[in-house]
């Protein structure tokens, strides 16, 4: 293959072009033409695979000439006591196509350069449509700010003079020297604190599905932290100098430079494609960039996977070396002057000032099992704060010793089980093992999910990051602070017989993702092999395999089925079979939902999980041979409601008079508390003929807000359509809907709603004014409904547009045919429920109940319907017509909302 012959350096402006730009006669339009001409040549070189480091540094030099020409054009080159300084990333001499250009106009103390000229200079840069950040300060002001702000001192460390008096910057650098402020130790501590805070914003994982390539763990900022600390403490201005100072090996330096170059290429392509500064690798950008980077198979999903796996490899390398170097820096900067406090663990390991280390360089070569023993010891001692850098480096250099024989050695399998059962820092150990590469070597099946994409909005992490987050969530259930948010989980985890079995099931629950087929079934094979290799008992093995096979069962049952139906509870309990399996499955499910996407855990899902757990617990106590029937459940709910109403001084006769007119289905599927709330609201509402709207909150401040909206109004075919449209207009998502009727032609509708994820309003239950506005709006519209076409015309949010698949609509059979169940799976779109409600109205269908499940980018809803006279829909021709017509309507609707 012939590669193009590259110039030694990217093109800069000619002398004639620089003179033209520096002339006051040259307008902004001509100036932009010259810039665009040169920057286009840089993009062309990028497409020709020109070395990215030369492009990034070359573009910085190009803009140096732009800034210098604009400075001269404004006449500032003739001013005394003023200089133009490049700071930040631009100060490093690194610039991507749309990056910020950060400038400091530095003034000698007491000097008064022309404010008019400086204003003209900045205004002209804005006219050029450059993203310039600037500040105007004296030398003393800069020094004062730098002394109190680590961000300012960091920017100034990387400053360089572009034009003007060079002595100004030299004087400033003397004032901000380590001898006057921010010595190496304090600067290191501050940058570490910054990094920890930044990483926490991204859940401490580099494996987000839409990562920020600059700010995420393993991103470019992590590389810069290494550079900043080295410059401040070691006085080095080249990363390669760390090799001479024995902080980096040559191989590590090459690996680090290669990883940075890879992310630089991605960032350049991202800026070039989007046409503005953008550091988020959003799903739609991933598709475009996959093509730019040569992944052009017909399988778009596979192209994105391959592109992103390359990205994850790069950030993993940066993160690994960031951990290693910062640990090395800490030992050199902070621990070197401490009196050594040595605790001998055994002949292989010792703890020095809280840091675990090997006692000789060849420990892992002589005793390969010590690689796992290292983490066992880490989990047994609560005084270990970290692992020494040279120990981590030695471990990494000996990973090739982990082969099939190693994996099957009983000593090693027992060590791994000991790690899983660690009393301290178990998840920290697993993350460290993953970062260094040991976990993937020891469990090759885990290596196959590292960087494995999940193409939906339900998940926000790659499979491996999600898996380790799940295990960490299980560990957090032990913490006192979890009791408020996870009361049942915090109590239950203390009573499971062997909690490490739960951790193993968590490690393997998604192990087969990305292989095709049912990952739950495929994962059972890997889980069983792990259990047998680690000599677990048959009972323990069967439990772990059962959990992997059924890890989605509880979530699916709670979110997609009517768990107020005794038949559904009995069916679920029949699979669970006993309390022990229920406890393990409940814990795994709650941890799984929270590890999938923290925003998915809200008061509604918490209530569903709690209800399913408690109802199943009751069913198991009662015995599977004695299931509760519908009539018994109805009586229990009524009795509970009466107890509440009596406490509130409500006349029982009045309450029972209302109940006599309501269909029995309502009492079966509504709790006693809900029946009491509805009954009291109706009695207080009488004798008004206006629609009744009542709202109550679910959960508390520990959850995302969800609320129940109860509507009591005369039966009308437009009811669901109008209500769904109004909720959409108010920025609310319907999570559940129950529609019941009375013999005097009233409808009792209960909707569970919560704020849209994109909505920035406060949670519903915290805002009394909002509740009153909702009530007034609903009452007004239900009393005299108006058209709601505006909802259907709303545009689809960016993150939903990229996921568009044909809808599916079909009828499903039920154990007891009370209503006809219509299942709809479709891309999530604003106004979808309103559109479906309108369809029911046009087709003269009566909606009795709806189970709404929004899973990331798609909805999986079940509507329980009849003909408007109450008859079941059984005619195959009628059923086909409804399915086909609704499917076509949804598909057209999905396309229309994207335009």
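A short reminder: the numbers here are calculations on the coordinates, not readings from a lab. As the structure is a computational prediction, the values presented were derived from the model and not from experiment. We place every Cβ from the backbone using ideal geometry, glycine too, and count neighbours over all the protein chains shown.
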Can you tell me how region 401-495 classifies by the Cα gyration tensor, rounded, prolate or oblate, using a/c under 1.5 as the rounded cut?
oblate
Taking r as the C-beta separation of residue 808 and residue 189 and R0 as 41 Å, the FRET efficiency to the nearest 0.05 is 0.15
Between [x] 218; [y] 204; [z] 188, which matches volume of the Cα convex hull per residue in Å³ calculated for the structure shown?
[x]
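Please report the relative contact order for region 353-493, taking Cα pairs under 8 Å with a sequence separation of at least 6, and give it as a percent rounded to a whole number.
Numbers: 126 pairs, mean separation 26.6, N = 141.
Relative contact order comes out at 19 percent.
Given the -39500 (n - 2.57) contribution per DSSP H run of 4+ residues, what per-residue ellipticity at 222 nm results for the chain, rounded to the nearest 500 deg cm²/dmol? All intermediate terms of the calculation are to be shown ahead of the outcome.
On the way: 41 runs with 483 residues, N = 899.
Calculated from helices alone, the mean residue ellipticity at 222 nm is -16500 deg cm²/dmol.
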At a threshold of 8 angstrom on Cα-Cα distance, excluding pairs fewer than six apart, so keeping six or more, what relative contact order does region 185-333 reach in percent?
30 percent
Extend 7 Å from the Cα of residue 201 along its Cα-to-C-beta direction; within region 216-258, residues with backbone N under 16 Å of that point are 216-225
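Between residue 235 and residue 171, what FRET efficiency follows from the Cβ-Cβ distance if R0 is 25 Å, with the result rounded to 0.05? Spell out each step's value before the answer.
Values: r = 19 Å, r/R0 = 0.74.
The value I calculate is 0.85.
Give, in nm to one decimal, the length gained when the segment between residue 689 and residue 54 is fully stretched (0.36 nm per residue of separation minus the Cα-Cα distance). Please list the in-between numbers first.
Working: separation 635, 0.36 × 635 = 228.60 nm, distance 7.64 nm.
Contour length minus Cα-Cα distance gives 221.0 nm.
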State the Cα centre-to-centre distance between region 338-412 and region 73-114 in whole Å.
51 Å
Considering Cα pairs under 8 angstrom that are at least six residues apart, work out the relative contact order of the chain and quote it in whole percent.
6 percent
Acute angle (nearest 10 degrees) that the helix 220-229 long axis makes with the longest principal axis of the chain, alpha-carbon atoms:
40 degrees
For the peptides 206-213, 657-664, 59-66, what is the packing order when you average, over each peptide's residues, the other Cβ atoms within 10 Å and list the highest mean first?
206-213, 59-66, 657-664
Give the shape of region 555-641 as rounded, prolate or oblate, defined through the alpha-carbon gyration tensor: a ≥ b ≥ c are the square roots of its eigenvalues, a/c under 1.5 means rounded, and otherwise the shape is prolate if a/b is larger than b/c and oblate if not.
oblate
Rounded to the nearest 10, the angle in degrees between the Cα long axis of helix 719-729 and the longest principal axis of the Cα atoms of the chain comes to 20 degrees
Kindly identify region 468-628 as rounded, prolate or oblate by the Cα gyration tensor criterion: order the square roots of the eigenvalues as a ≥ b ≥ c, call it rounded if a/c is under 1.5, otherwise compare a/b with b/c, prolate if a/b is larger, else oblate.
rounded
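When DSSP assigns beta bridges and you keep just the ones with both residues in region 15-182, what percent turn out antiparallel, to the nearest 5? Numbers along the way, then the final one.
Working: 9 of 16 bridges.
DSSP beta bridges in region 15-182 are roughly 55 percent antiparallel.
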Specify the inter-centroid distance of region 815-892 and region 655-734, based on alpha-carbon positions, in whole Å.
21 Å
Nearest 10, in degrees from 0 to 90: the angle of helix 876-896 to the longest Cα principal axis of the chain is 30 degrees
Region 285-320 to region 586-602: how many Å between their Cα centroids?
28 Å
Which order do the peptides 317-324, 407-414 take when ranked by the mean count of other beta-carbon atoms within 10 Å per residue, highest first?
317-324, 407-414
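Mind ordering 769-782, 379-392, 466-479 by average Cβ neighbours within 10 Å, highest first? The partial results should precede the final answer.
Details: 769-782: 15.8, 379-392: 17.6, 466-479: 21.3.
Averaged packing, sorted descending, gives the order 466-479, 379-392, 769-782.
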